[in-house]
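Single-structure report; data block below.
The values are calculated or read from the model by the stated rules, or taken from the named source; none is laboratory data. These numbers come from a predicted model, not from an experiment. Note that each Cβ is placed from the backbone with ideal geometry, even for glycine, and that neighbours are counted across all protein chains shown.
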Number of protein chains: 2
Amino acid sequence: MDTLSPREITGMFLALGVMLFCARLLGEISRRAGQPAVIGEILAGILLGATGLGTLAPDLFAFLFPATGGGAYVLQGLTTLSIALFLLVAGLEIDLSTVWRQGKTAVGVALFGMALPFALGFSAAWFLPGSFGYEPGAHRLAFALFLATALSISALPIIAKILMDLRIYRSDLGVTVVAAAVLNDLAGWLVFAMILGLLGTGHGNGLSLGVTVGATLAFTAAMLTVIPWLIHRILPWIQAYTSWPGGVLGFALSLALFSAAFTEWLGVHAIFGAFLAGVAIGHSSHLRERTRTTIDQFISFFFAPLFFASIGLRIDFASHFDPLLTLMIFFIAVIGKVLGSLLGGRLGGVPWREAWGIGFGMSAQGTMGIILGVLALQVGLISQRLFVSLVVIALATSLLSGPMMQRILRLKRPRRFIDFLDSGRFIRSLAATNRTAAIGELAAIAADGARLDREKVTEAVLARERIMATGLGNGVAAPHARLPGLGGPVVAVGLSPSGIDFDAPDGKPAHILCLILTPREDDGAQLEILSDLASTFYKGTMVEQALAVEGMTGFLALVRSGRD
Amino acid sequence: MDTLSPREITGMFLALGVMLFCARLLGEISRRAGQPAVIGEILAGILLGATGLGTLAPDLFAFLFPATGGGAYVLQGLTTLSIALFLLVAGLEIDLSTVWRQGKTAVGVALFGMALPFALGFSAAWFLPGSFGYEPGAHRLAFALFLATALSISALPIIAKILMDLRIYRSDLGVTVVAAAVLNDLAGWLVFAMILGLLGTGHGNGLSLGVTVGATLAFTAAMLTVIPWLIHRILPWIQAYTSWPGGVLGFALSLALFSAAFTEWLGVHAIFGAFLAGVAIGHSSHLRERTRTTIDQFISFFFAPLFFASIGLRIDFASHFDPLLTLMIFFIAVIGKVLGSLLGGRLGGVPWREAWGIGFGMSAQGTMGIILGVLALQVGLISQRLFVSLVVIALATSLLSGPMMQRILRLKRPRRFIDFLDSGRFIRSLAATNRTAAIGELAAIAADGARLDREKVTEAVLARERIMATGLGNGVAAPHARLPGLGGPVVAVGLSPSGIDFDAPDGKPAHILCLILTPREDDGAQLEILSDLASTFYKGTMVEQALAVEGMTGFLALVRSGRD
C-alpha cells in the first residue's frame, strides 16, 4: 500500500498554502493595476516555479513541488480537480438562452479561429519540420497535425477567468467567446485523439475514434437539452426532501464529478464534462442564488488560484529555451487565432470593434496546449525545445489577451465612491451640527487633498446645495459640486452620530455625509458615484453599522463587504 | 516526472463522485432515521470499500480506490486535505470564551478520559502481549505504550461532526467535549512521538521530543491568545483593501494550510494546526457571517463527506478479523474512555446526566487511531490482526457515540411544521373565501389524514378560533386545536391567492393558512410548531414566493431553503 510520508504531507499543506497566498496576493496587485486578477495568479506560479524559487532555492522548491513520488501525484490530482471545479463554476454562470442566441456566431468564430492557425501551423510543420522542433524519426504527419492542433487550441479556463475578471463573462460577447472556445477546444481534443490513433498509442479506453467523436457530440447535446430539463424537475424535490443546503450541494458537485469522469474517459478532457454539468445545473431557476454563491466563491477563491498558480510551476525559462522558435510560433499562434476569430465574428455580423475583441478574447492559449504538450512529449512526438516554446507561448498569449480586450473594448471598472476616498479625508465624528458647517468641515479636507482653495470649494458646494438639497434619504447626504480643472473625482466622508438635516425626501436627518467633487469635463463621474453611494446604503442596517465603525479602515471594510 | 495517466484521472473523478454521492445519500437516510448524518457517511465508505464493493466487484474497486500508484497518493492527499479543512470549520465554530469558561472541566475530562484507558491498555499489552497482537521481536515497551495510546486517543473529527449533527456543538457540553478531545488527542500524538523515539525511527523532522512538546504547547498557546488578537486587527484591513470576498477567503484558507503544515512538521497531526487556525480566525467579530457560511457549507458538504467515507474504505472485515481480540479491545476502550471521562466531568462539577453524556461523547475513537495504526504497522510494531481490530473498534465506537448521547441527553430535533405536513394535506388554491369555510376545507383533509371525524375536528378548530383569532400577521394564519388521543401533530396547509381575513394584528388578509392539530398530552408541540411557522414566514418575500409555487414539493423546497 502506497502512503504519503509525514514529510510529503507537510510539503503538500505548505505548497498549497504558499500557492494560495501568493496567487491571491499577486491577483490583488494585478487587479489594483487595472489588469485581470488571473495574470497575477499565473505570475505567482512562475515566481514560485522552476524559473523563480527553483533557481534561488532548489531544495525548497523540490520539497514544495516535487516532480516525482507521492507529492507530485497529489499536486497534479489537486490541480486537475481544481480546474474541473472551476469549469463547473464557469458553466453555472453561463446563460443557456444566450448560448442559443449567440450560437451561430460562436460556431463561425470557432471554425475560422481554429482553421486559420491550424492551416498555418500545419504548413509550417510540414514544410519546415527541422525549424519547428521535429524529432527525427517521429511520425511526420502526426507531428504536423500536433503542431497545428497545439497552435489552434485555445485555453478555455483562462478565457473564462479573464472574461469574469473583466466582468463581461455574461455579456453577448463573453458568451460568444466562451461558447466558441468550448467548441474549439473540444474539436482540438478530438483531433488529438486522432493523432494518438495515428501513432498507434490511443487513449487506453479501447474506443475507436468514431465512437469517441459520436459519444462526445451526443453527450454535449444531451447536456444542453434533456439533462437541464431533467435537473430542473429534480431540484425542487431535492430541496424539499433533503437537508438544506447539503442535498443540493452534494447533488451539484457529484454530478459535476461524474460528468468530468465521463468526458475524461471518452478521451476529451475532464473539464468539458464539468463545464457542461455546470451549464445544465445553472440553467434551472430552482437553484437558489445562495447555493450558487457558495459554490462560486469557494471554488473561485480556493481552487481556481491553486490551478492558475500551478500552470507556470514547471517551466524553466533558462533551459531548452529557443527564442527564435518561440517567436515564430508566437506569431503563427496569435496572428492565426486573432485574424481567424475576427473573420468568424465579422461573418456572423459582429461590428469591427467587437470582432477584434472576440479575436483577442480567443487568443489566450495555454492550459490545454500545455496538457497536450506533456502528452506529446511522453510519446516522443516533440522535442523539449518545442515543449518549452509551447509553454512560453501559452503564458504570453494569456497575459496579452486581457489587456488587449480591455483596450479594444474600452472597458472600465464601475467607479465606486470609496475609490476616491483617500486617507485623511474621513471624519469619524463631525463637529458640525448644521448643514453649512458640515459642508465647510468636509470641503476643507477635500480641498486640501485636491490642492484647491478651501473657500472656493465650500462656496461651490454651498451654491449647489442652495439650488437643490442633497439629502438622499435613509440617513445619507451627498453634497457635491463639479469643478473645472480637477484631475479626477475627490470624495470626503464624515459621520454624524447625532444627525444633520439635509432636507431628505423621507425627512430623516443625515448620518453619513459624503462630499463629492468631480471634474467639470467628466459627465458620467458624478452620477456614477452618487448612484453607487445611494445603493451602498440602501439596506437599512448599513447606516447603523457604519456609525459603529472605529475609523476609515472599518468603514471601507464595511462598504466592500456589505454589497454581497 | 511522475504524472497521472488519463485512466487514473478518470478513476479519481469517478471515485470522488461516487464517494460524495453515496456519503450524502446515506447521510440523509441516517438523518431521516434520527441518527447523526456522519454514521451514514462512514457506512457509505464501508459499502464502497474492501468489505462491500471490494468483495462484489474487485476490479471496479481497484480501479476506483487503487492501493498503489498515483491514484492511491491522490486519494490519500485529498482525504488528508479534507479532514484538515473540516477541522478548520470545527475551529471556526468554536467560541473561544466558552473554551476559557469550560477549560477546567475540559482538562479534567481529558486527563481522566485519557489516563484510565491508557492504564488499562498498557497493563493488558504488558502482561498479556500475545493475546493482544504483539509481533514477536518488536520493542515490548513501545508496543505496550502504543496499545495504551491507541486505546486512549479519541477521534476529534468524528466527535466534532457528531456534536454538529446533534446540534449541541456550541453548547457548554459540546465545547467541553471538543476541548477535551483536542487536549486528549494532542497528548496522544506526543506520546506517539515518544514511541517513535524509543524505536529510533523518529518523525524525520530531526526534532527532539522535548522540542516537539515545547513547540506544540507554545504554538497552541499563541493560537489561543496573541494570534486571535492579531487577526482581529488584520481582518478589517483585508476587507477594506482587497476584493470581496476573495481577500478574506484566501487569507483564512492559506492561514489554515500554513498552520496545518506547521503542526504536521512538528510531528503532531495537521488537523491540530487547521483546528487552531479556525479557532483563531473564528474568534474575530470582523469575520462576516456570510464568509463563515460559505466556508462552512462548502467544506461540510464537499470535503467532510469525502473524508468520512474514506475511513472505512480499506478495511476488509473478512481477512485478519479476530473477533475475540476485537471484543477485548472494544471493552477496554469503551469502558476506560467512558468511565474516565465521566469521572473527569464529575470532578469538574458536571451533573450525572451531562457527565454520562460527556463520557459517551468522548468515546468515539477512530481516525486518529487508524492513522496511528497505519504508522505502527509500517514500522512493524503491531500485527495485521491488531490493526484490523483497531479499525473495527474505531468504527464501532463512532457508531455508538451519537445514539448513546442522543438517548442520555434526551436530545430532540427541533420540530418544524413541515415535518407533519404529509402529501395530500396541501391545497394549492383554497376554494373558500371566508374564515369558516377555509377552516372547514383544511380540517376535512387533516381529519382524513389522522383518521378522525371531520365534523369534530372542524368544530374544535372553530371553537378555538372564536376564543382567539389566529391571524399571525404578515399574511399567515394558523388555526389550531389540541385534540385528545391524537398520535402526533397533524398539519395541513392551504394557499389563498386572494387572501382571507383572519383578524391579524397588522390587519392584512392571510394568504398562507396552516391548520395545526396537536395531541392534548403534548404541551410543547403546539407552541413549537406555531413559532416555527411564524419565523419561517417572517421575511417579507417568503409569503409572495410561497404563493408562486406549483405544488407541495415546491412549497417544501421553499420552506427548507428559505431559512438560510
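General remarks:
- Matching residues in segment B:533-564 - criterion: being over 13 Å from B:L495 (Cβ atoms), of a type in the set (D, E, K, R) and surrounded by fewer than 12 Cβ atoms within 10 Å (Cβ to Cβ): none
- The set of residues in segment A:526-549 that are out of contact with any helix residue (DSSP H, G or I) (no Cβ under 9 Å at 6 or more places or on another chain) and among the aliphatic types (A, V, I, L, M) comprises A:L527, A:A534, A:V543, A:L547.
Per-residue answers, yes or no, for (1) buried (at least 23 other Cβ atoms within 10 Å of the Cβ); (2) at pLDDT below 90:
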| site | (1), (2) |
| --- | --- |
| A:Q239 | yes, yes |
| A:W244 | no, yes |
| A:A252 | yes, no |
| A:F258 | no, no |
| A:G267 | yes, yes |
| A:G273 | yes, no |
| A:L276 | yes, no |
| A:D322 | no, yes |
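- Among residues of segment B:16-42, those that are touching a residue at least 40 places away in the same chain (Cβ under 8 Å), surrounded by 19 or more Cβ atoms within 10 Å (Cβ to Cβ) and either more than 11 Å from chain A (Cβ to nearest Cβ) or of a type in the set (A, V, I, L, M, F, W, C) (or both), counted: 12
- A:I227 within 30 Å of A:G188 (Cβ to Cβ) and more than 8 Å from chain B (Cβ to nearest Cβ): yes
- Boolean, A:V388 is in contact with a Phe, Trp or Tyr (Cβ under 6 Å, 6 or more places away or on another chain) and closer than 23 Å to A:I46 by Cα: yes
- Residue in segment B:387-401 that is of a type outside the set (S, T, N, Q), farther than 21 Å from B:Q35 by Cα and in contact with a Gly (Cβ under 6 Å, 6 or more places away or on another chain) present: yes
- Restricting the search to helices (runs of 4 or more DSSP H) fully inside segment B:284-366 and requiring at least 1 residues that are without any contact (Cβ under 8 Å) to a residue 60 or more places away in the chain, more than 30 Å from B:A50 (Cβ to Cβ) and within 14 Å of chain A (Cβ to nearest Cβ) gives B:289-298.
- For segment A:48-64, residues that are more than 11 Å from every other protein chain (Cβ to nearest Cβ) and either under 25 Å from the mean Cα position of the chain (by Cα) or aliphatic (A, V, I, L, M) (or both) total 10.
- Some residue of segment B:66-89 being of a type in the set (G, A, S), more than 12 Å from chain A (Cβ to nearest Cβ), surrounded by fewer than 22 Cβ atoms within 10 Å (Cβ to Cβ) and not in a helix (DSSP H, G or I): no
- Residue within segment B:213-235 that is assigned to a loop (DSSP other than H, G, I, E, B) and at pLDDT below 90 present: no
- Test: residue in segment B:475-485 that is among the basic types (K, R), closer than 18 Å to B:F537 by Cβ, touching a strand residue (DSSP E or B) at 6+ places or on another chain (Cβ under 7 Å) and surrounded by 14 or more Cβ atoms within 10 Å (Cβ to Cβ): no
- Checking A:G45 against (1) within 12 Å of chain B (Cβ to nearest Cβ); (2) closer than 17 Å to A:Q76 by Cβ, the condition it does not meet: (1)
- Residue list for segment A:1-15, restricted to those being in contact (Cβ under 8 Å) with a residue 12 or more places away in the chain, facing chain B (nearest Cβ under 7 Å) and aliphatic (A, V, I, L, M): A:L4, A:M12, A:L14
- Taking the conditions (1) modelled with pLDDT under 85; (2) within 8 Å of another protein chain (Cβ to nearest Cβ); (3) in a helix (DSSP H, G or I) in turn, B:R563 satisfies each one other than (3).
- Within the option set A:L377, A:L381, A:L343, being modelled with pLDDT of 85 or more and not basic (K, R) holds for one residue only, A:L343.
- Restricting attention to segment B:527-548, the residues that are in a loop (DSSP other than H, G, I, E, B), within 14 Å of another protein chain (Cβ to nearest Cβ) and touching a residue at least 60 places away in the same chain (Cβ under 8 Å) total 0.
- Residue in segment B:450-458 that is surrounded by fewer than 23 Cβ atoms within 10 Å (Cβ to Cβ), at pLDDT 85 or above and touching a strand residue (DSSP E or B) at 6+ places or on another chain (Cβ under 6 Å) present: no
- So B:F262, is it surrounded by 24 or more Cβ atoms within 10 Å (Cβ to Cβ), touching a residue at least 12 places away in the same chain (Cβ under 8 Å) and either among the aromatic types (F, W, Y) or under 30 Å from B:P351 (Cα atoms) (or both): no
- Residues considered: A:W237, A:W189. Of these, the only one that is within 14 Å of chain B (Cβ to nearest Cβ), aromatic (F, W, Y) and within 24 Å of A:G369 (Cβ to Cβ) is A:W189.
- In segment A:242-282, the residues that are of a type outside the set (G, A, S), in a helix (DSSP H, G or I) and more than 7 Å from every other protein chain (Cβ to nearest Cβ): A:V248, A:F251, A:L255, A:F262, A:T263, A:L266, A:I271, A:F272, A:F275, A:L276, A:V279, A:I281
- Meets criteria (in contact with a Phe, Trp or Tyr (Cβ under 8 Å, 6 or more places away or on another chain), modelled with pLDDT under 90 and under 23 Å from A:A394 (Cβ atoms)) for A:L147: yes
- Test: residue in segment B:382-395 that is in contact with an Asp or Glu (Cβ under 7 Å, 6 or more places away or on another chain), assigned to a helix (DSSP H, G or I) and of a type in the set (K, R): yes
- Residue list for segment B:101-138, filter: modelled with pLDDT under 85 and farther than 15 Å from B:S389 by Cβ: B:P136, B:G137, B:A138
- Looking only at segment A:208-234, and only at residues there that are out of contact with any helix residue (DSSP H, G or I) (no Cβ under 7 Å at 6 or more places or on another chain) and more than 21 Å from A:V99 (Cα to Cα), the one that is surrounded by the fewest Cβ atoms within 10 Å (Cβ to Cβ): A:G210
- Within segment A:100-158, considering residues that are within 25 Å of the chain's Cα centre (by Cα), outside any helix (DSSP H, G or I) and among the small types (G, A, S), the one surrounded by the fewest Cβ atoms within 10 Å (Cβ to Cβ): A:A155
- Within segment B:48-65, the set of residues being of a type outside the set (D, E) and part of a helix (DSSP H, G or I) comprises B:L48, B:L53, B:G54, B:T55, B:L56, B:P58, B:L60, B:F61, B:A62, B:F63, B:L64.
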